[in-house]
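Q: Input: one structure, supplied below.
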Amino acid sequence: MAMRRTGDWSRAGSVLGGGGRRIQSAVKRGVAREAQRIRVEVLRGLRNGGSQGTQFKQLSPLTIASRRLSGFRGMKPLLKSGEMRNSISVIMRGTDAFIGVPRSTAGGEKLVRLAEVHEFGSKPRVIPITPKMRAFLAIMLKRAPKGTTGSGRGGGRAGVIVVQTPARPFLRPAFEKWKRSGVERRFIRGVLSDLGV
């Protein structure tokens, strides 16, 4: 049985001549490109107040009143300080990529917990109302739109307030969009291009 070679074998030999290192380097660059695509989509979703046709649940009137009391006029969820948005990073580990809020940055643990609460929502928390808090809540209710009621509940002289953060997924929708974006073909084309094929 005879074998016949077809195609440009000399070119294939030159492409593969650098061995595994060249291929690994091209794959790493391809992974980094795709990771940056996801990061850009996460940031776009934060800026637009949602991603993939789902809008973030709007801020409660009391949260908006609280922002106004602190001098902040913006009404978009997740963007009060920009600290979490600015921490979203791509970290390469060989040919693996991490996209999200890293624990390793300054204040990383706090930001990771904050990102998790917004991505999945929180359980209700019962907070006892102190006299200072009661005064602050009274001012907030005065500044909130008409018809707004607080979520505080009676319970003796101190009372309590129940706080729950709704889920506002900003990472998962970006990953879902990326999965449906023709990633396999684009990734292979990019790697072959980096190898000069």
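Q: Would you pull out the residues with amide H under 5 Å of ARG168's amide H, same chain only if 5 or more places away, H placed 1.01 Å from N?
A: Long-range HN contacts for ARG168: GLU119, PHE120, GLY121.
Q: Within the range 70-134, list the trypsin sites (Lys or Arg not before Pro) lying in a DSSP loop whose Cβ has at most 13 other Cβ atoms in a 10 Å radius.
A: ARG73, ARG103
Q: Let me ask something else about it. Taking a quarter of the surface of the Cα convex hull of the range 35-110, what do you get in nm²?
A: Quarter of the Cα hull surface area: 6.2 nm².
Computed from the coordinates by the stated procedures, all read-outs in this text should not be read as laboratory data. The model shown is predicted, which means the values in this text are computed figures rather than measured ones. Backbone-built Cβ (ideal geometry, glycine too); neighbour counts: all protein chains shown.
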